[in-house]
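Below is one structure, written out as structure tokens; the observations come after it.
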Amino acid sequence: MSERTGAADIADHNAGGADNAGSADKAAQSGGTVPTVAILGAGKIGEALLAGLLAAGREPATLSVSARRPARAEQLQQQYGVAVTSNADAAADADVLVVAVKPQDIEPLLAEVAPAISSGTLVVSVAAGLPTVLFERHLPEGTPVVRVMPNTALLLGESMSVISAGAHAAPEHLDLVEQLLAAIGKVARVPESQQDAVTALSGSGPAYFFYLVEAMIDAGILLGLPRNVSTDLIIQSAVGAALMLRDSGEHPVALREAVTSPGGTTISAIRELENHGVRAALLAAIEAAARRSTELGRAHH
Ligand SMILES: NC(=O)C1=CN([C@@H]2O[C@H](COP(=O)(O)OP(=O)(O)OC[C@H]3O[C@@H](n4cnc5c(N)ncnc54)[C@H](O)[C@@H]3O)[C@@H](O)[C@H]2O)C=CC1
Ligand SMILES: O=C(O)[C@@H]1CCC=N1
């Protein structure tokens, strides 16, 4: 995962079946033309995906989006210059349908899309917890489905997106999704059985960092710094630490040790983090997120 546009290094190219690998899927056979992508549900992640793809240079004419409220539809059209379609029109026309509604809203959406979907359309779900088999059950027999867990850094081209094939998704479908997402971050492939863990780690991951940053800014307030100063100090420290993690080639432990001078300030802080069980809290928190992802899948099975 060292190249932004590079292929995944957690690749499992055999994840899922490939029983229609030889079929003439329009989505996977773009033949040099850019496949059209419709995003169904323009909430936090749908809009981040839309904005990220446009910022990465994708032509607005190759993208469309659906929204429930007319005012929202108009705002999206004006802001991004993309077509706003109904879910059914998108299902009939687009090569790739990205389903970006909440798990709770999935069943009505699939009921709307299933009768309209054209043969060979690739369905991509970003919904936490929902297994590809749920989509396959509601969609016409043989519909290729790829499950993706991105995160909101899609917006800036810095997502960690993790993809898994459903039963009817062939390697070319995974390649197509990987290509799409590689323009807006890194992409890894995992067997679908690992997606709940992935969701807990990199799907929710940005929130944990934001939470830590928020708490650290408050610590600056406690020490009497103005909020704007504390915020600048912590955000730049976070950016610096993130770039060191990504670019130095050093293990996180080595990086932390290099900050931790003997008898110094950092070790005093680390002792408190250990006393307060921060490591155990993170283990429990991420485990809870994965459990919730599994529950969401069961609830909508
Ligand atoms: N927010 C995040 O960081 C991430 C979210 N996800 C997944 O993305 C999905 C959406 O999550 P958020 O964007 O956070 O939620 P959200 O509530 O911001 O967005 C969902 C959007 O779908 C729209 N919607 C619902 N039913 C619709 C329908 N039938 N037709 C058209 N639009 C419809 C809603 O109006 C709303 O704008 C969830 O399944 C979540 O698990 C995945 C990765 C990260
Ligand atoms: O909180 C959630 O359920 C979604 C999925 C991953 C990040 N946000």
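Just so you know, all these numbers are worked out from the coordinates, no wet-lab data involved. The shown structure was predicted, so the numbers you read here are calculated from the model rather than taken from an experiment. With ideal geometry, Cβ positions are generated from the backbone for all residues, glycine too; neighbour counts draw on all protein chains shown.
Converting phi to 3J(HN,Hα) with the Karplus coefficients 6.51, -1.76 and 1.60 and the offset θ = phi - 60°, the stretch 67-75 yields 9, 7, 9, x, 5, 5, 4, 5, 4 Hz in sequence order, with x at every glycine or proline. Every pair of different Cα atoms in the chain enters the Kirkwood calculation, which places the hydrodynamic radius at 20.8 Å.
When every alpha-carbon pair in the stretch 48-90 is counted, what percent end up more than 16 Å apart? Across the stretch 48-90, Cα pairs with separations above 16 Å total 31 percent. Ordering 210-218, 158-166, 249-257 by mean Cβ neighbour count within 10 Å, with the highest value first, yields 158-166, 210-218, 249-257. At q = 0.11, 0.16, 0.21 Å⁻¹, what is the base-10 log of I(q)/I(0) for the stretch 205-296 according to the Debye formula with one equal point scatterer per Cα and no solvent? Please give it to two decimals. Those come out to -0.42, -0.87, -1.33, one per q.
When +1 charges are put on Lys and Arg Cβ atoms and -1 charges on Asp and Glu Cβ atoms, the dipole computed for the stretch 164-301 relative to its Cα centre reaches about 220 debye.
Take 262-269, 78-85, 122-129 and order them by the average number of nearby Cβ atoms within 10 Å per residue, most first; the result is 122-129, 78-85, 262-269. Result for the chain in a Gaussian network model with C-alpha springs under 10 Å: among HIS173, HIS138, HIS276, the largest mean-square fluctuation is at HIS276.
If Lys and Arg each add +1 and Asp and Glu each add -1, what is the summed charge of the other residues whose beta carbon sits under 14 Å from the beta carbon of MET216?
Details: positive: ARG227; negative: GLU214, ASP218, ASP232, GLU272.
Residues near MET216 contribute -3 overall.
One decimal place: the segment ALA207-HIS276 gains 22.8 nm when fully extended, by the rule 0.36 nm per residue minus the C-alpha distance. Translational diffusion of the stretch 130-185 was estimated from the Stokes-Einstein equation, with Rh taken as the Kirkwood radius over Cα pairs; at 4 °C and 1.567 mPa s the coefficient is 110 µm²/s. Each residue of the stretch 207-215 is assigned a 3J(HN,Hα), and the resulting list reads 4, 5, 5, 4, 5, 4, 4, 4, 5 Hz, derived from the Karplus form 6.51 cos²θ - 1.76 cosθ + 1.60 (θ = phi - 60°), x at Gly and Pro. Around the Cα centre of the stretch 37-191, unit charges on the Cβ atoms of Lys, Arg, Asp and Glu (plus for the first two, minus for the last two) sum to a dipole of about 460 debye.
The charge dipole of the chain, taken about its Cα centre with unit charges on the Cβ atoms of Lys, Arg (+1), Asp and Glu (-1) only, comes to about 600 debye. For the options VAL278, VAL37, VAL98, a Gaussian network treatment of the chain with springs between C-alpha atoms closer than 10 Å singles out VAL278 as fluctuating the most.
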